[in-house]
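As structure tokens, the structure follows; a few thoughts come after it.
The values are calculated or read from the model by the stated rules, or taken from the named source; none is laboratory data. The shown structure was predicted, so the numbers you read here are calculated from the model rather than taken from an experiment. All Cβ positions, even for glycine, are placed from backbone atoms using ideal geometry, and neighbour counts span all protein chains on display.
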Amino acid sequence: MSMLEWQNPWWEGKKSRVVLKWEKRKYKWVPSWLNEISLEPFSLNFVVGPRQVGKTTGLHLLINRLIKGGVEPQRIFFLDLDLIWDLDSFKRALDDYLRIRAYEGHDSSYIILDEVSSLEGWWRLVKGYIDLGIFDNDVLILTGSLSLRVRGNVELFPGRMGKGVEVEALPLSFREFLQVKGIEVKRTGNLEKDMVSLLPVRERVRGLFRDYMRLGGYPLSVNEDPAAEESFIRSVIGELLRLGRNPSLASAVVGSLFKKAPSPLSYSSIGSDVGVSYKTVRDYLEVLKGLMVVGEAPFMESGSVKWRKERKYFTRDPFLVRSLAGRVGVDPLPSAVYEWVVQEHLLRRFGRVYYWRDGYEVDAFAGGLRVEVKAGKPHRRYPRDVLILDEYNIADFLAVII
């Protein structure tokens, strides 16, 4: 069996090994981002997200759906670029498939190129074939780590995406985690009423929140796979090396964030802690943001963002906290981890998140919401428009915010 046949078993009427493995999991879900992909020619879609988040599995589930919907199996081509050594091999694989397609009498396909960021210069071939009109009747779906954004690869295709879109594949939010565990949370858009509506299942929601803070939203961690942490750390190290960054220095920067959290930080303060320049810290934080390891909440005062002020940094999934803490040797304060998960959910809901100061300071500001997160009871009074979240109601908030 050739490599192309091995990666495309549906050509011979067989089910994907990836789907078979997915079916055996205790907790499994069809990722919601699949519904965002354009399936109308010509489309060039990018699915961007961290490794281990389930991009490959999601696309194999999409292939399964297409075949069940009547698409001829030979019109679907999947190629994992982790297995391609160089551009010549990539070109041969594409050309071989195009010949197979022509022989079968098809003039359009669904072409899925997985983990394109693994191959240096992959974009030259794809861009060239698009410009030659070879893919005019096709739907292209390209997946990659967030190093695609760090390198600016997506921006190399201006005016060449057709009806395609850029889709972000993320770990489960808390609401999605609840759905996987069998609790369907409906949202009306009225935050207060939606939180009250959880009353019949509140105790179970709060119990599952404790699980979420331990497991996060990655498929391996949700299923409590013992290899989850090592797989994640190895994937991050691989991305850092691919981008020419030192994993040990990245660990030191993350360790400084964990040690000082949840306080606002400057590049200089982290640099002094780690022993490098503020420019180096800025570079590594940009890379870690691009790899979706950390996010940032800039400072806002009197309705204006102060970009030169210290920023708050947060880890983007609870599972990452546990994985990274073991790597960097620092356990962040529980209050910081609570704050981080709130900031992440607000970021997903509103696209940006800040921390606020206007006579008083709150941990997160987004979409008009001012949110203060406390591990215990607050020691001061806040204005009525500030939502106070503590260990008792934080689960309710996260269950309905997104």
Residue that is out of contact with any Lys or Arg (no Cβ under 6 Å at 6 or more places or on another chain), surrounded by fewer than 15 Cβ atoms within 10 Å (Cβ to Cβ), in contact (Cβ under 8 Å) with a residue 24 or more places away in the chain and not charged (D, E, K, R), where the choices are Y354, Y392: Y392
Residues being of a type in the set (K, R) and modelled with pLDDT of 95 or more - total across region 172-192: 2
Of all residues in region 3-37, which are among the hydroxyl-bearing types (S, T, Y) and either in a helix (DSSP H, G or I) or not assigned by TED's automatic domain parsing to the domain that holds N64 (or both)? S32
Which of the residues belonging to region 171-198 are in a helix (DSSP H, G or I) and closer than 30 Å to S145 by Cβ? F174, R175, E176, F177, L178, Q179, V180
Which of (1) without any contact (Cβ under 8 Å) to a residue 60 or more places away in the chain; (2) in a loop (DSSP other than H, G, I, E, B); (3) hydrophobic (A, V, I, L, M, F, W, C); (4) within 18 Å of S109 (Cα to Cα) does W85 not meet, given it meets every other one? (4)
Pull out all pairs, ordered by first then second residue, where Cβ-Cβ is under 7 Å, the residues are six or more apart or on different chains, the first lies in region 237-250 and is charged (D, E, K, R), and the second is not in a helix (DSSP H, G or I). E239/S145; E239/L291
Any residue that is in a loop (DSSP other than H, G, I, E, B) and closer than 25 Å to L347 by Cα - is there at least one of those in region 234-250? no
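Can you name the strands (runs of 3 or more DSSP E) wholly within region 302-402 that have at least 1 residues being outside the structural domain of G49 (by TED's automatic domain parsing) and under 21 Å from K259 (Cβ atoms)?
The qualifying strands (runs of 3 or more DSSP E) are 312-315, 354-357, 361-366, 369-373.
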Among the residues that make up region 70-79, is at least one of them without any contact (Cβ under 8 Å) to a residue 40 or more places away in the chain, part of a helix (DSSP H, G or I) and surrounded by fewer than 18 Cβ atoms within 10 Å (Cβ to Cβ)? no
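Yes/no per residue for (1) more than 19 Å from the chain's Cα centre (by Cα); (2) within 22 Å of M161 (Cα to Cα); (3) of a type in the set (D, E):
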residue: W6; (1), (2), (3): yes, no, no
residue: K15; (1), (2), (3): yes, no, no
residue: S32; (1), (2), (3): no, yes, no
residue: S43; (1), (2), (3): yes, yes, no
residue: V47; (1), (2), (3): no, yes, no
residue: T56; (1), (2), (3): no, yes, no
residue: L59; (1), (2), (3): no, yes, no
residue: G69; (1), (2), (3): yes, no, no
residue: E72; (1), (2), (3): yes, no, yes
Does R282 fit the bill of being part of a loop (DSSP other than H, G, I, E, B) and more than 27 Å from R214 (Cα to Cα)? no
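Residue by residue, here is whether (1) touching a residue at least 60 places away in the same chain (Cβ under 8 Å); (2) surrounded by fewer than 19 Cβ atoms within 10 Å (Cβ to Cβ); (3) under 20 Å from the mean Cα position of the chain (by Cα) holds:
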position: P262; (1), (2), (3): yes, no, no
position: V276; (1), (2), (3): no, yes, no
position: E286; (1), (2), (3): yes, yes, yes
position: V294; (1), (2), (3): no, no, yes
position: F299; (1), (2), (3): no, no, no
position: G303; (1), (2), (3): no, yes, no
position: P318; (1), (2), (3): yes, no, yes
